[in-house]
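What follows is one structure encoded as structure tokens, with my remarks underneath.
Just so it is clear, none of the values below were taken in a lab; they were calculated from the coordinates. In this text the structure is predicted, and so the values were computed from the model without any measurement. All Cβ positions, glycine included, derive from the backbone under ideal geometry; neighbour counts span all protein chains shown.
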Amino acid sequence: MAPVRSRLTLKNKIDIIKCYDAKKQSVRELATQFKVGKTQIGTILKSRVDLLRKWCDENVNGETKKNFIEGKGFEIDHPKALEIAKTLGRTNFKASNGWLEKFRKRHNIAYKAICGESSSVDHDIVINIVTNNKLVEICEGFVPKNIFNLDETGLFFRALPNKTMCIKGENCSGGKISKERITVMLCVNMEGDFETPLVIEKALKPRCFKNIIVNDLGVTWKANRKAWMTQELMKEWLSNFDRKMQGRKVILFLDNATSHPHLNLQNVKLAFFPPNVTSTCQPLDLGIIKNFKTHYRINLLKHVISSIDNENIKKPNVTVLEAVMWTTAALKKNKQGNEDLSNELTKLVSTIYPTNAQDYSSIDECLQTEDLSLNIEDIINDGMSEDESHDVEQEEDSTDDVDEEKITLKEALQLANKLKTFCLNKSDAVSLSLVNQLQSNFEAIAIQEKKQTKISDFFFQ
């Protein structure tokens, strides 16, 4: 009589991997213990990385239920789909289960729990991950420079301390305050090297970007109606990241946000944190984003304070161009070290408004970065390309108006010379070094522009 074969759960497979790695049992012994063939044990050991990743994602003791039960909402889905079809002039449309499933796959919609700080932390899952060394097991075979973490954060890029009590906790899905926010996506490896940040705003070509090549600013610039991350934007970024990582073996950790699609990439493995643990397990949520925002706000406050004219006290305009430059500067500072920033921020905050610096620093920690609704029309609209989006070519925002007077290269060199004189008068060696570099850059541009002219002509005219 043939031996009875067992059906292994995911937990069984993880136990097999652990026993084999600890050299406690051989393949033959494991096959006997778990009542399976030696071939199946071999297959499990070959697939250890994928199984460990799945084990970390699911964290349900190896058993999952995939049956979908039609709830009361199903009664609403059908007429809603018909209503949208009628609006689009599709009179012969039928909202069948097959159509709904194809729609879900077409837009990569997943059934997920809300992640991050929106829900309370599940301490049992955190303890399970830590005590069982799941992250260590998943990272096995990957060197530190190839282990990455990705996350988005909302940023009130113009917010000053006097606005703290007004907008703290605002999710910014619409209204006047929504014009004051951007979404910044950061990606960093274990060695502290950041990828080019992705910045999402409402305007594709703000007025302050006139005559500027955005790619030269050190960010990837995108735009949509609400300045949120979408699956289309994330798929595009992940595809580009995968191409960049060609020839490397990379693992990328990210949370289970609805805008994060599950893709099979050639060079990059995607590892998703379980729901409600990112605030305690995700590196970017454990101080990196906080330090980035503190550096950003220090730059913002220094700009505001230095721009105030005692004779004409008026709040200086802050454009998204400046926000981009402070974003890249903050990331460079973030990489240099974890110096004490709280004292510097506290002093700057107290100069402007008597409020708590910590409250100001965390003003946008709960800012929404993606659409959490399941409204079909919203999903379609969020997937629209930038050209189809609302009037993103020119965002009607008076605060982004800039002086369009063109400065010539000759005038720029003259200004650099004046700055050098100012630095010398102030005995500021650090700034003088920076101005010298700036002047050198301007001179290089001048030489480039005069390449077609014989240099000797300038000396013998």
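Report the gain in length on full extension from Ile84 to Asn267: 0.36 nm times residue separation, minus Cα-Cα distance, nm rounded to one decimal.
Taking 0.36 nm per residue and subtracting the Cα distance, the gain is 61.9 nm.
Mind checking the alpha-carbon convex hull of the stretch 177-245 and giving the volume per residue in Å³?
Details: hull volume 7.6 nm³, N = 69.
Taking only Cα atoms, the stretch 177-245 has a hull volume of 110 Å³ per residue.
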Simple label model, 7 Å out from Cα along Cβ direction - Lys302 to Gln33, nm: 5.9
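Could you give the length gained by full extension between Val430 and Ser350, i.e. 0.36 nm per residue of separation minus their alpha carbon distance, to one decimal place? The partial results should precede the final answer.
On the way: separation 80, 0.36 × 80 = 28.80 nm, distance 2.65 nm.
Length gained between Val430 and Ser350: 26.2 nm.
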Simple label model, 7 Å out from Cα along Cβ direction - Lys418 to Val136, nm: 6.2
Difference of contour (0.36 nm per residue) and Cα-Cα distance, Ile212 to Ser342: 43.4 nm
Spacing of the two label points (7 Å from each Cα toward its C-beta) at Lys11 and Ile407, in nm: 6.7
Filter on Lys222/Lys406; Lys249/Lys269; Lys13/Lys38; Lys205/Lys333; Lys202/Lys222 - keep pairs with C-alpha separation over 18 Å: Lys222/Lys406; Lys205/Lys333
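Which value, in Å³ per residue, describes the convex hull spanned by the Cα atoms of the stretch 182-326?
Numbers: hull volume 21.0 nm³, N = 145.
In the stretch 182-326, the Cα hull volume divided by residue count equals 145 Å³.
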